[in-house]
There are 4 protein chains.
Amino acid sequence: MDLIVVMKASATADDVQRVVDRVAELGLVPHPSKGEFRTIIGAIGEKSPETQDQLEQLPGVDEVMVITQPYKLASREFHEADTILDIKGIRVGGPHVNIIAGPCAIESREILFEVGRAVKDAGASILRGGAFKPRSSPYSFQGRGREGLELLKEAGAELEMPTITEVVDPRDVEVVYEYADMFQIGARNMQNFNLLLEVGKTDKPVFIKRGLAATISDLLMSAEYVLSQGNHRVIMCERGIRTFSEEVRFTLDISAVPVLQERSHLPVFIDPSHAAGKRDLVPALALAGIAAGAAGAIVEVHSCPDRALCDGPQAVLPGNFVTLMQQIRQVAEIVGHRVTLWGREETQPRRPVTGGWAT
Amino acid sequence: MDLIVVMKASATADDVQRVVDRVAELGLVPHPSKGEFRTIIGAIGEKSPETQDQLEQLPGVDEVMVITQPYKLASREFHEADTILDIKGIRVGGPHVNIIAGPCAIESREILFEVGRAVKDAGASILRGGAFKPRSSPYSFQGRGREGLELLKEAGAELEMPTITEVVDPRDVEVVYEYADMFQIGARNMQNFNLLLEVGKTDKPVFIKRGLAATISDLLMSAEYVLSQGNHRVIMCERGIRTFSEEVRFTLDISAVPVLQERSHLPVFIDPSHAAGKRDLVPALALAGIAAGAAGAIVEVHSCPDRALCDGPQAVLPGNFVTLMQQIRQVAEIVGHRVTLWGREETQPRRPVTGGWAT
Amino acid sequence: MDLIVVMKASATADDVQRVVDRVAELGLVPHPSKGEFRTIIGAIGEKSPETQDQLEQLPGVDEVMVITQPYKLASREFHEADTILDIKGIRVGGPHVNIIAGPCAIESREILFEVGRAVKDAGASILRGGAFKPRSSPYSFQGRGREGLELLKEAGAELEMPTITEVVDPRDVEVVYEYADMFQIGARNMQNFNLLLEVGKTDKPVFIKRGLAATISDLLMSAEYVLSQGNHRVIMCERGIRTFSEEVRFTLDISAVPVLQERSHLPVFIDPSHAAGKRDLVPALALAGIAAGAAGAIVEVHSCPDRALCDGPQAVLPGNFVTLMQQIRQVAEIVGHRVTLWGREETQPRRPVTGGWAT
Amino acid sequence: MDLIVVMKASATADDVQRVVDRVAELGLVPHPSKGEFRTIIGAIGEKSPETQDQLEQLPGVDEVMVITQPYKLASREFHEADTILDIKGIRVGGPHVNIIAGPCAIESREILFEVGRAVKDAGASILRGGAFKPRSSPYSFQGRGREGLELLKEAGAELEMPTITEVVDPRDVEVVYEYADMFQIGARNMQNFNLLLEVGKTDKPVFIKRGLAATISDLLMSAEYVLSQGNHRVIMCERGIRTFSEEVRFTLDISAVPVLQERSHLPVFIDPSHAAGKRDLVPALALAGIAAGAAGAIVEVHSCPDRALCDGPQAVLPGNFVTLMQQIRQVAEIVGHRVTLWGREETQPRRPVTGGWAT
């Protein structure tokens, strides 16, 4: 039964009949059932997304409840096992824990390589760096664009790390595809549906951050947009929601980690840096996320954060990142996970490592 | 004084000196002042948006407060009088109250013209209709695109009403410019900065809806994006924010109306339809908005909402819209406003009416 | 049908049978119905509040939906007509609009009488004043207690206005009963259930403010606590909820007015003062509330607010209150309401005025 | 400097002078400083909580910022080292991690003892059980009152565990003091200030849960209420806040753990059970809290949750609690903490164990 129409206590027999008729007209099978106070009508069959809205407006209808989830390809009901991605030999999802790290924005060749080297040595497996920066002020640094992408590609090749960078405009999908290994969809673009459709037409992994006001279902529907175009390589990331709490930039919704994993087979990451907004809080949030079962974290690291052009206050120093990685590895093991390092698992690899770099 | 750096109680004299030096290095004039528990350092001068982030990370710093607002062109400090737009002879803003009405999506020629005629007769001055629909499900009706735009243009010409339609992709700005009189930026795209930049380069009015999780400052910064490109014809619209309240679709933040009007010279509208999510609540919210001083409302009207392909439950029926318009006119007058009808003011026009249609 | 148990897609026939058996054991009649993907089981009959929780835990159960509302006496389903209270001859609810006004706290005899006289002359029908002040800081002014109550009673008698004051402690219900005509339950005590039970045992009207994080159902359940004890004289008040919005103290949830009125027969007021937190915003919010159909507003007025000991910034000056009352009267009429003044309706009384003061 | 008064850009020299005079009149030392656009005035000295409100209302004032926190005794500025409580020999706070466990409500002697034995064996150090239950419905089970307290005391004595139970009414403080070892103040009573004052006058530890809409500062102010009465034995507990997220009962604000620990010396716990609302999520949230550095967790355990009279769906089964305790111990060690068991530390006790039971 896909839909349940709850009639008002005051609904007449005619109202009920009208709903029954309309349900049938919509191609669904109606199942009316008279209760103590109210009648409810089940409606079985394949419905269109508009069905609920239309039935809700019939006279005497109080509420229409949807039983099956609006997402399908993202749902664990349709794909029970964890999806494990292979990104240039790095396995992401399932028992594998990966840390994506790097500077917020690509500012200079020097800083990118310095930070990249440091995070790789500490155990990060994927390199991040922003070339197109969505900024709330038109007067803020907006990123170095294609020039930044070139530096990122170079750094990825030299450090033998897959790279990820944000894409904010459907017109940039092609150039980002050319230079980076993964697309990042930022929180502000989580419901930029045309952008989701464009990256959905490619074959590179898409890392979708939850919007500031997005529900779990909204996030799953955004993943569904990408999946619906044939690109099944999707990662979802909790990065903090907007609440009344003023003490941090955003409230990291730690419950989203187990809830998403229960509903979907896709890997779930957390972003402790943007949630915290200040580096002192990053380790606590990162460890909390891994303890809650996340498949990884994306962490901003900067060697000289008080001169960074973007989000410096939340960037962790390379030295502290080393300590954090050690704790992450220990916590991951307690919850039955294992950190993936440099394209290999840390100790006994449970699979032959072919790597993605030799090819 | 543009910035105030508050030192921690535990900050040393060296910490204070380091901040003073850095403030000077950033081109600002430092003004240290020792308090009972803490020292604060004022910093006067033209700062870049990164300054606050950078100072916050120096040792001993507790907090950096920004005194001047990050938006300038949108601010009432820089432009005291209300901005009044002239949209094909229709005056928007200041004492003029305008109602934008029409169907959510452009579904068919017949419905668009039927609803358009009805809302014009009832007193609406601008015609709305969606051709590109951002939908949370990839399986929902996505709008009729260019074909819808053609119908909208035709309807506007026949009814002699300016038209407004949503644009969701920077690649569509050109085609929407060709067919419609105003750009609508939807809530989900309020921080699609590239889209804002594109419409900012045109000379047609931009109607920006507040995002579900956007603060008042965020909304003003999005207006600033458009203004910064030279397009000064911007309207802001409160359409409901996401809160814990589950009884309506979104919580109409009625306080945003007077707060925005205090901070900015730009006209402020409200959208009672999307906030309510059901038509029974639309009149109460629309009247509340006008009573709170809004320069207008955007209302969805449909002649056959239980067969609408999009947002039917919140569409008002044409008959009820007539009653609502009468009440809106009365409430507007109480708060010193006056409803603009068909390019003319209702009763005694306080200005010569030249109209926009004869030219 | 009171409950609907939705089984998981993976539920076995045994799981279904177990739920059916348990429903029967709980004294309800089970109605299983097999859908395309899932089975649902309706459960008809009188349930205890624990039933839902218990059924949700059975194996194979995905969700248990409750169809009938948890509140009964407060619900419009059980009492269709608007409740109209008679408070010393003042009619509250239905078409009657009443403004409660006065200082936040009772500070001195002089200010209370001065403000009381001013608000009565302007048209307020009920006098407010706090004697027990719940303050977030233990170091703030906490109110004058019994001494304040004595002043309030004296002022009410002299001005011939019913009085309302907040009660925060079950131990104070008796003394407040003795001195005031109405109990106010503040937002922070909306779920102080023992306090609700105590005022529910009296026969004086109870004015319940919505909590900062209370849903509409929570508020109705708090009203239900009072009603369940036999006191049917309850008024509910929307006073702003806590959201991410930082520009006002609380976000006035204007939609709560029509939603509460749809669900309940009890009068609904708004509190523009606490929502706004600053006086400049009070008129816009007050008018919005009346335009949305509220049965009244509670407004803080102070003759010398910059020396007030509590919430001065939100107190309206007596002169501005006169203007506000005039606008409130006009807006009330547009939405079919009528402001009640001094125990009488303003112009043509539709009922014989017996008054409460002569008796 | 305690306060900063920011003048509007439009403020006149007279406005500035008026503020300067008023600051002096209030006993503070004014420090005016003229900036590029605005003047700001620092105000040094001991201020009353009303000062900010009063200054904000003077002509030309834009905003008044408070530099020093409104809480003092709870602040780490005034008490740098972690407070470590000794509760009948159990050390709480600092490096000690304690798990409080037991049934939500005390339903029967049998279940209380069965669950108590199980949680003690698994490593919990404090026994919880509710005798007075605040329920949103007046028709729900309200707890067994004094009878429940007697059972709790008996169980604590037999199991040699300190006990904690909720108090909801100032009139019950005496009886709860007699029977239990710790007071719990529930989320709905966090700002029941008279209740806080009453427990503040006792010498038993007070465990304060954060309210659904309470900021970090609100929680610290509630702690301050207790501390201000001379009772310095306070624990604060994050238990989930109300946000738009519908997938869990409340959103566990994991960031509150490090933020509270940075601001205050008092121990910080988390409550994964009430935040989750369903048992499957409890382990993830509990481990996240410990990983984030919490001094402990309060967990609901029930041997037969699908027949529990209160909050059954979130109660963990005794068997799963054993596993959870093992993981908690491991995670605690990674972050430098150590779980306290049965009044003793687990392995090498760093202090002589005298116990609290022999005395």
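Per-structure values
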{"item": "Matching residues in the stretch C:156-177 - criterion: being touching a residue at least 12 places away in the same chain (Cβ under 8 Å), farther than 11 Å from C:G130 by Cα and more than 14 Å from chain D (Cβ to nearest Cβ)", "result": "C:G156, C:E158, C:L159, C:E160, C:M161, C:P162, C:Y177"}
{"item": "Count of the stretch D:197-217 residues which are over 11 Å from the mean Cα position of the chain (by Cα), surrounded by fewer than 24 Cβ atoms within 10 Å (Cβ to Cβ) and farther than 25 Å from D:T163 by Cα", "result": "2"}
{"item": "Members of the stretch D:299-333 found to be within 19 Å of D:L281 (Cβ to Cβ), among the aliphatic types (A, V, I, L, M) and not in a loop (DSSP other than H, G, I, E, B), listed by number", "result": "D:V299, D:V301, D:V316, D:V322, D:L324, D:M325, D:I328, D:V331"}
{"item": "Residue among D:D15, D:D2 that is farther than 24 Å from B:S75 by Cβ and either within 8 Å of chain B (Cβ to nearest Cβ) or modelled with pLDDT of 90 or more (or both)", "result": "D:D2"}
{"item": "Total residues in the stretch B:201-219, condition outside any loop (DSSP other than H, G, I, E, B) and either closer than 16 Å to C:F244 by Cβ or among the β-branched types (V, I, T) (or both)", "result": "6"}
{"item": "Test: B:N194 is among the polar types (S, T, N, Q), modelled with pLDDT of 95 or more, within 19 Å of B:L227 (Cα to Cα) and surrounded by fewer than 24 Cβ atoms within 10 Å (Cβ to Cβ)", "result": "yes"}
{"item": "Residue satisfying all of: in the stretch D:260-295; more than 14 Å from the chain's Cα centre (by Cα) and charged (D, E, K, R); farthest from A:D253 (Cα to Cα) among these", "result": "D:E262"}
{"item": "Of residues in the stretch D:32-78 being acidic (D, E) and closer than 23 Å to B:K47 by Cα, the one nearest to the chain's Cα centre (by Cα)", "result": "D:E63"}
{"item": "Residue match in the stretch A:281-292 (condition: within 12 Å of chain D (Cβ to nearest Cβ), assigned to a loop (DSSP other than H, G, I, E, B) and touching a Lys or Arg at 6+ places or on another chain (Cβ under 6 Å))", "result": "no"}
{"item": "Condition met for C:E107 (more than 9 Å from every other protein chain (Cβ to nearest Cβ) and touching a Cys at 6+ places or on another chain (Cβ under 9 Å))", "result": "yes"}
{"item": "Hits in the stretch C:39-68 (condition: modelled with pLDDT under 80 and buried (at least 18 other Cβ atoms within 10 Å of the Cβ))", "result": "C:I44, C:K47, C:I67, C:T68"}
{"item": "Among (1) within 21 Å of B:G45 (Cα to Cα); (2) away from chain B (no Cβ under 14 Å), the one test that D:D82 misses", "result": "(1)"}
{"item": "Checking D:E80 against (1) buried (at least 17 other Cβ atoms within 10 Å of the Cβ); (2) part of a loop (DSSP other than H, G, I, E, B), the condition it does not meet", "result": "(1)"}
{"item": "Any pair with Cβ under 7 angstrom, 6 or more apart, that starts in the stretch B:3-31 at a residue that is within 16 Å of D:G42 (Cβ to Cβ) and ends at one that is of a type in the set (G, A, S) and surrounded by fewer than 16 Cβ atoms within 10 Å (Cβ to Cβ)", "result": "B:P30/B:A24"}
{"item": "Boolean, C:I298 is buried (at least 23 other Cβ atoms within 10 Å of the Cβ), under 14 Å from B:I254 (Cβ atoms) and modelled with pLDDT of 90 or more", "result": "no"}
{"item": "D:E333 of a type in the set (D, E) and surrounded by fewer than 21 Cβ atoms within 10 Å (Cβ to Cβ)", "result": "yes"}
{"item": "Failed condition for A:G102, given (1) away from chain B (no Cβ under 14 Å); (2) out of contact with any Lys or Arg (no Cβ under 9 Å at 6 or more places or on another chain)", "result": "(2)"}
{"item": "Residue within the stretch B:99-106 that is more than 20 Å from the chain's Cα centre (by Cα) and closer than 20 Å to B:C304 by Cβ present", "result": "yes"}
{"item": "Filtered residues of the stretch D:224-276 (kept if under 30 Å from C:D62 (Cβ atoms), assigned to a loop (DSSP other than H, G, I, E, B) and within 12 Å of chain C (Cβ to nearest Cβ))", "result": "D:G240, D:R242, D:T243, D:F244, D:E246, D:E247, D:R249, D:F250"}
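Yes/no matrix, rows are residues, columns are (1) surrounded by 23 or more Cβ atoms within 10 Å (Cβ to Cβ); (2) more than 22 Å from B:R279 (Cα to Cα); (3) in contact with a Pro (Cβ under 9 Å, 6 or more places away or on another chain):
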| residue | (1), (2), (3) |
| --- | --- |
| B:S228 | no, yes, yes |
| B:H232 | no, yes, no |
| B:I241 | yes, no, no |
| B:L252 | yes, no, yes |
| B:E262 | no, yes, no |
| B:F269 | yes, no, no |
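The values are calculated or read from the model by the stated rules, or taken from the named source; none is laboratory data. Computed from a predicted structure; not experimentally measured. Glycine also receives a Cβ, built like all others from the backbone with ideal geometry; neighbour counts cover every protein chain displayed.
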